[in-house]
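Have a look at the structure below, then the notes.
The values are calculated or read from the model by the stated rules, or taken from the named source; none is laboratory data. As the structure is a computational prediction, the values presented were derived from the model and not from experiment. Glycine also receives a Cβ, built like all others from the backbone with ideal geometry; neighbour counts cover every protein chain displayed.
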Amino acid sequence: MPEKEKKTAQKKSIQKKHAGADSYAINHYYMDISRRYKTAKFLTVFILIVFVLGMMAANRDDITVEGFQYLMRYLDIDSNIYSYTSDSIKISYSTDKEINFDEFRGDFVIADSTAVNIYSLSGMNILSESSFISNPVIRSSGRHLLVYDLGGNSYALYNSFSKLYGETLPYPITGAANSDDGLYALVTKTQEYRSAVYIYNRKHELISRILKDKLVMDVSIKPDGSSILIVSAFNLDGDFQTEIMTCDPFSDSAAVLITHEDLMPLRAHYYEDGFTVLCDNKLLFYTDGGILKNQYGYNGDIPAYSLITDDHAFIAFSENVVGDAHRLLIFDSNGIQTGEQTIDGQIIKLLCVENNLFVLTATNIIKTEMNGSSAETYPIEKNSIDLIAADNNTLFLCYPSYAVSIDISSAFSKVQTTDAATETYKTSETTALQP
């Protein structure tokens, strides 16, 4: 090809390329939208990073390795259950004379003299921690699990995956209380005083000591941790006396101090709006300020079983000297009797789940409504020793060497409601006392 023709072809090719570029002219409208989306993307990422860092800084005390383990627990395929079916699980454990059961964050807890074990509802063993507590007692809260040696000197705190803290006190522990706020209390004694209540914060630091020259029978903490209730017994001129005291956890000064003659306190429960005290011959209901709302006298009867919750109080009396029949009374938190039921059989455990009361006897689990309008019976094998509610639809029926789960909705949908002819119900009110 001649040189002149070659240059002409190259010139035409360059002109053609320029013409193609001009045909793809920039659209400034879409460029503006693209820039806006890019700015919004980077702004969103920046806000997300600031939010995550801010939440981590604000809640740094609650962010732990155990917390992440709790989120991932159901990915663990290890299981120590004895057997599993679609209806229930069966958890086996070594027989121990001193064994205690409870619920913690929807899981099933077993504590004996050798270990503390926590099982999920699928039967997985999510915690197995060696323990040397000869007489274990469990106190569970939403914050942590407290296990102490009744009559011994040691206690320990756990979450769902590990032991958090443990301590040995100079003198024996005779009681304890635990709150959702993380506050907990231990009842012990000192060389100078008959009883001492040690109060700890959520970091396991001793924040207060309440020393008493009386015998502390029970202690309870308000759910938000703002106040503590202590009931004590003492002797005055040969008669039993009861002292009821509330105080701020950071102070040993009494906010409420009440004394009763001829009463022996047995148990106490502190809830949001007041507290209830069970004594040997009376059931007392108080406001948070210590004003007596109501009381129920036993009229010479001796209480055989009792249960006190935030909303109700249950107390059972033997119907007669010979036989296993019991008269079960139901009260609301104001001390008003809302129901009465006759239970045939030895009562092993009273358990409250939502709006239902479960009564464990030697041969049955009886489910009854709070107003006593109906009752359902679920037959079981003999020799049971405890009944635990892991959640609102799952019970664990405990025997000396194993425990089986029971689905409430399935178990009691297959049984017949007890006829009113075999169960007695009535509603009455106790006399309200004026402040």
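With a cut-off of at least 1 residues that are within 22 Å of residue 380 (Cβ to Cβ), name the strands (runs of 3 or more DSSP E) lying wholly within the stretch 251-358. Show your work before the answer.
Details: elements: 254-261, 265-271, 274-279, 282-287, 292-297, 303-308, 312-318, 326-332, 337-343, 347-353.
Once the strands (runs of 3 or more DSSP E) in the stretch 251-358 are filtered for at least 1 residues that are within 22 Å of residue 380 (Cβ to Cβ), what remains is 303-308, 312-318, 326-332, 337-343, 347-353.
Would the stretch 369-386 turn up any residue that is within 22 Å of residue 121 (Cα to Cα), within 17 Å of the chain's Cα centre (by Cα) and assigned to a strand (DSSP E or B)?
Yes, the stretch 369-386 has at least one match.
Residues in the stretch 239-250 that are surrounded by 16 or more Cβ atoms within 10 Å (Cβ to Cβ) and assigned to a strand (DSSP E or B): how many?
Within the stretch 239-250, the first condition is being surrounded by 16 or more Cβ atoms within 10 Å (Cβ to Cβ), and the residues that meet it are 240-247, 249.
Next, only the ones that are assigned to a strand (DSSP E or B) stay: 240-247.
Residues that pass the stated criteria total 8.
Sort through 227, 220 and tell me the only one that's small (Gly, Ala, Ser) and surrounded by fewer than 23 Cβ atoms within 10 Å (Cβ to Cβ).
Values: 220 fails: surrounded by fewer than 23 Cβ atoms within 10 Å (Cβ to Cβ).
It is 227.
Surrounded by 10 or more Cβ atoms within 10 Å (Cβ to Cβ), in a helix (DSSP H, G or I), more than 39 Å from the chain's Cα centre (by Cα) and at pLDDT 80 or above: does that describe residue 53?
Working: surrounded by 10 or more Cβ atoms within 10 Å (Cβ to Cβ): yes; in a helix (DSSP H, G or I): yes; more than 39 Å from the chain's Cα centre (by Cα): no; at pLDDT 80 or above: yes.
In short, no.
Scan the stretch 394-409 for residues that are under 19 Å from residue 140 (Cα atoms) and either assigned to a loop (DSSP other than H, G, I, E, B) or without any contact (Cβ under 8 Å) to a residue 60 or more places away in the chain (or both) and report the count.
2
Could you tell me which numbered condition residue 253 fails, if it satisfies all but one of (1) loosely packed, with under 15 Cβ neighbours inside 10 Å; (2) among the small types (Gly, Ala, Ser); (3) over 25 Å from residue 178 (Cβ atoms)?
All conditions pass for residue 253, except number (3).
Any residue that is of a type in the set (Ser, Thr, Tyr) and buried (at least 21 other Cβ atoms within 10 Å of the Cβ) - is there at least one of those in the stretch 159-168?
Our first condition is that a residue be of a type in the set (Ser, Thr, Tyr); within the stretch 159-168, this holds for 160, 162, 165, 168.
Filter once more, keeping what is buried (at least 21 other Cβ atoms within 10 Å of the Cβ): none.
No, that holds for no residue.
Select from the stretch 170-187 the residues that are in a loop (DSSP other than H, G, I, E, B) and touching a Leu at 6+ places or on another chain (Cβ under 9 Å) and write down the one among them that is surrounded by the fewest Cβ atoms within 10 Å (Cβ to Cβ).
Here is the first cut: in the stretch 170-187, the residues in a loop (DSSP other than H, G, I, E, B) are 170-172, 174, 179-183.
Going one step further and asking which of them are touching a Leu at 6+ places or on another chain (Cβ under 9 Å), we end up with 172, 174.
Values: 172: 14, 174: 18.
Here the residue is 172.
Would you say residue 231 is at negative phi, part of a strand (DSSP E or B) and touching a Lys or Arg at 6+ places or on another chain (Cβ under 9 Å)?
Against the criterion (at negative phi, part of a strand (DSSP E or B) and touching a Lys or Arg at 6+ places or on another chain (Cβ under 9 Å)), residue 231 qualifies.
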